[in-house]
1. Return the FRET efficiency for the residue pair residue 18, residue 133: r is the Cβ-Cβ distance, R0 is 22 Å, and the value is rounded to the nearest 0.05.
2. Sort 58-69, 26-37 by packing, meaning the average of other beta carbons within 10 Å per residue, with the highest value first.
3. Going by amide H atoms built from the backbone, whose H comes under 5 Å of the H on residue 27, apart from near neighbours?
4. Once R0 is set to 41 Å, what does the formula 1/(1 + (r/R0)^6) return for the Cβ-Cβ distance between residue 60 and residue 166, expressed as a FRET efficiency to the nearest 0.05?
5. Give the cross-link partners of residue 108 among the lysines, using a straight C-alpha distance below 24 Å as the criterion and excluding same-chain residues fewer than 8 apart.
6. Quote the FRET efficiency, to the nearest 0.05, computed for residue 10 versus residue 38 with a Förster distance R0 of 25 Å and r equal to the Cβ-Cβ distance.
Amino acid sequence: SPASPEDLATIARLPSIKKLTVAGARVTSLEPLAGLAQLESLTLGGVSVRSLAPLGRLPALQELEITAPYDLSEGEPGDRTDPNEIRYLDTGLDLASVGSLPSLRSLKLKGVKVPGALASLAAFPGLRELELKNTRLEREASLEALTMMDLPGYAIGGVSVGEPKDEMLRIMAH
């Protein structure tokens, strides 16, 4: 069943927990997790939080994965043969507060609308893995920010879907 705010309050009383997955749209605040100083890996699946500020108080957090909540009117995402048919809901998630995580090595975003560009992510000194799936970005500004990051490589998919070849080549030139 989906996680509830009461579930998070219970988890908050387990200070030595290192890996946590929270799924369900009933969670709207991550504040109860702010005291989990040993938490290294956090997966948020379909939770409707607007602020990640409490995560800025997790000094050991190395892996963060966020999947936006999705529209259930057409069934579960697993029922679809094409993952691009999933309609994610815009929660207005603010990623700016994630920048205060010095230990963050891996950030995976799925269906998350990123306001503005990824420029704030360039401040993650330890980030080595960035995965963006079904994530709406401002292309030009985000490409500039990505090229400023010290990542070991880049993989770009879906750039030629419905756009002229010259536009695809221009984007790939970054």
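Every number in this text was worked out from the coordinates using simple rules, so none of it is lab data. Because the structure is predicted, anything quoted here is derived from the model rather than measured. Reconstructed Cβ throughout: ideal geometry from the backbone, glycine too, with neighbour counts over all protein chains shown.
1. Numbers: r = 25 Å, r/R0 = 1.14.
My answer for the efficiency is 0.30.
2. Working: 58-69: 19.1, 26-37: 17.4.
Averaged packing, sorted descending, gives the order 58-69, 26-37.
3. 48
4. E(calc), rounded to 0.05, equals 0.30.
5. Within reach: 18, 19, 133.
6. 0.90
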